[in-house]
């Protein structure tokens, strides 16, 4: 999944030590709870060597789990998860939206309704526990033994969307369709229910032609970016900068460190 997940290049991996890259197989069940456990264990080791660690990524939920913690949600059997994925693939997004609205109208009013991953997760919890997913989402912040400095990078919407379109063209030129073809036999796995693969899988199954697949790849990537921004905009702790404001970012980080100097009990 090198191209579809925009994995760092070998050159980038050589420049800076990375973690949780090439760490899991698509056949492994992996969720945000396991991610929390893995990252906290990594941080514990890294903080023995340095007072500062950089966490970067696109998913708001996965970022929040590290800085704020998460509610305890019971484990759901793989059979229920697989059945939800199968039904979604068979019946589509509208069916999935309808099911979540029936089983948990409170969460349905809050969730990004265009995000099938979030909807499937909610539905599998509802079916697996016989309780609404929202019952497990109390949003009680967990105290962490480190201070988080949150920085958001923002661009003009037109500039951002053009970069997304150009990036998609580059990924296709490098072999995104060929990579998806190699993963096609495993298309029902949870790890592959993502933007960048599902559109190509539908093309391979004859739902639409290659031109339409590329249009949907770009459109859905832009929509995903918009949803990411909506999520992060809700966090008042994030300080926003344009990516070119390098000096301002460094000044902001320095000021925050001065306010919260690292010590044996508090890292950044």
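No value in this document is a laboratory result; all are computed from the given coordinates. In this text, all values refer to a predicted model and were calculated from it rather than measured experimentally. Cβ placement follows ideal geometry from the backbone for every residue including glycine, while neighbour counts extend to all protein chains displayed.
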Exercise. Cα extents of region 134-206 along the three principal axes, largest first, in whole Å?
Worked result: 48, 35, 23
Problem set entry | For region 1-28 and region 82-132, distance of Cα centres in Å | 30
Exercise. Could you give the nm distance between label points at residue 208 and residue 238, where each point is 7 Å from its Cα heading toward the beta carbon?
Worked result: 2.8
Problem set entry | Helix axis angle, 157-174 relative to the chain longest principal axis, alpha carbon, degrees | 70
Exercise. Given 0.36 nm per residue, what is the gain on full extension from residue 247 to residue 223 after removing their alpha carbon distance, in nm?
Worked result: 5.6 nm
For this session: With r as the distance between the Cβ atoms of residue 150 and residue 188 and R0 = 25 Å, compute the FRET efficiency 1/(1 + (r/R0)^6) and round to 0.05.
Result: 0.10
Exercise. Relative contact order for region 71-229 using alpha-carbon pairs under 8 Å, separation at least 6, rounded to a whole percent?
Worked result: 21
Seminar exercise, completed: Rounded to the nearest 10 degrees, the helix 116-129 long axis (Cα) sits at an angle to the longest Cα principal axis of the chain of 80
Problem set entry | Relative contact order (%) - criterion: Cα under 8 Å, at least six apart; region: region 78-136 | 37
Exercise. Taking the Cα atoms only, what angle lies between the long axis of helix 246-259 and the longest principal axis of the chain, rounded to 10 degrees?
Worked result: 60
For this session: Please compute P(r) over all alpha-carbon pairs of the chain, binned at 10 Å starting from zero, and give each bin as a whole-number percent.
Result: 6, 24, 35, 26, 9, 1
For this session: Take the Cα pairs of region 131-254, get the Kirkwood Rh, then feed it into Stokes-Einstein at 25 °C and 0.890 mPa s and tell me D in µm²/s.
Result: 138
For this session: Find the relative contact order for the chain and round it to a whole percent, using C-alpha pairs within less than 8 Å whose residues are 6+ positions apart.
Result: 26
Problem set entry | FRET efficiency, 1/(1 + (r/R0)^6) with R0 25 Å, evaluated for residue 254 and residue 143 via beta carbons | 0.50
Exercise. Ranked highest first by the average count of other Cβ atoms within 10 Å around their residues, in what order do 4-13, 106-115 fall?
Worked result: 106-115, 4-13
Exercise. In nm, to one decimal, how far is the residue 86 label point from the residue 130 one, both placed 7 Å along Cα→Cβ?
Worked result: 2.2
Exercise. Modelled label-to-label distance, residue 33 and residue 52, 7 Å Cα→beta-carbon offset: nm?
Worked result: 3.6
